[in-house]
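Just so it is clear, none of the values below were taken in a lab; they were calculated from the coordinates. For clarity, every value in this text was computed on a predicted model and none was experimentally measured. So basically every Cβ, Gly included, is an ideal-geometry build from the backbone, and we count neighbours across all protein chains shown.
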């Protein structure tokens, strides 16, 4: 019997192994520190000696498989914690050094590569606007500090939020640059990147099964099980949208498996998870309705029916809707109350547990901040932009539940918002709003039209929910880039 070597299977096994190793040893500082150092050294040598496209792929893998947030991974913040994003030596800074090395190598090898729309003689709008936003945010940050906006000169700990936003934007822009430079060098790499992204999401599902069998989870909210794993597992239910890609049936099954697992084992981001799953469900239903093949329509319908039945079993049969015994059920209860109007609006909004209202208030207060300071409207406040609370019924100052960091609660100056659109608008002003609106229109266009790009759909959901919040989620920008290549034909101009 001849055993055929399958590179896809081999790569998948390696990714599953990497995810499991990172996850299983996260509570052992010595082991996790050694593993993180090995990963970073490997990536450092790749940054120096490997081709740009190989470095880019390795960067995506290590970013996706790393354990980033200590609280979500372990349920606490007091113990010693090391990972790819927090090394025993250097913290997160070696990661940024590698990113900068990659950008420098790109420049000296290719110069500045600008994607240009073939049908028009203009630069690619989203890419160009992203660069403009990233660059202008630096002088706006300096101006904000110079003006002592909201008294930030006297808040010694607030500088870390300026740095955090700047680092996030640098990583996002670096991934975009690496993508387009790799595409400039090799037009076939888009297919390889797509395969890698879907492989990462599907491997998260397989690794989750192993981690559950090995009881690599902890109990939170009394009875809820939180899986200690990379945050990217959150996006795995979206695999059902890629049923028409190569290995589409495998992705459909992996996406269904992920959804079933996350109904019972959350990654800790329950409220946003419901919004994401609802968005995926609606688009998946649209795919079913558009499917012409009777066999495929039958297959997709069965998958949808099975998921619906399992959902009903979990949330009705086990009492998830009628009793709040975990964050998943709590967030579902909150959404149902808002949707059905149970109780008065005032009571719902003023409730200290109404996290949805807090996010709405964040957006409203960003616009009110600009109303008080219109000179920031065009370009925003730069990295780490802050607001004061002018309106809202929810309590932003619950230090026991960590709504905002203590330095913000003490001084009533807020940044690091819980919803990405508020973060984008306060940091980049009208430019950020245009950036968001452009992508939203592109998202709607691909949802509405037949055979729209699911890469744009997933990319926008990442942007709307998590833009600049987690480094391990920054690979979402590559979903957008893949979708843009799908929906537009581009030539490239090279400038030195």
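Taking a point 7 Å from the Cα of residue 288 along the Cα-to-Cβ direction, the residues of the stretch 216-260 with backbone N closer than 14 Å to it are 240-241, 256.
Considered as an equivalent ellipsoid built on the Cα gyration tensor, the stretch 52-190 has semi-axes of 31, 24, 12 Å, the largest given first. Note on residue 445 and residue 396: the model spin-label points, each 7 Å out from Cα along the C-beta direction, lie 3.6 nm apart. Diffusion coefficient of the stretch 137-284 by Stokes-Einstein, Kirkwood radius over Cα pairs, 37 °C, 0.692 mPa s: 178 µm²/s.
With coordinates expressed along the principal axes, the C-alpha atoms belonging to the stretch 1-110 extend over 49, 45, 20 Å, beginning with the largest.
Cβ-to-Cβ counts within 10 Å put 457, 97 in ascending order as 97, 457, the fewest first.
In what sequence, highest mean first, do 417-424, 367-374, 29-36 appear when ranked by Cβ atoms within 10 angstrom? Mind dumping the intermediate values first?
Numbers: 417-424: 21.5, 367-374: 14.9, 29-36: 17.8.
Ranking the peptides 417-424, 367-374, 29-36 by packing returns 417-424, 29-36, 367-374.
Taking each residue as 0.36 nm, the span from residue 274 to residue 44 lengthens on full extension beyond its C-alpha to C-alpha distance by 79.1 nm.
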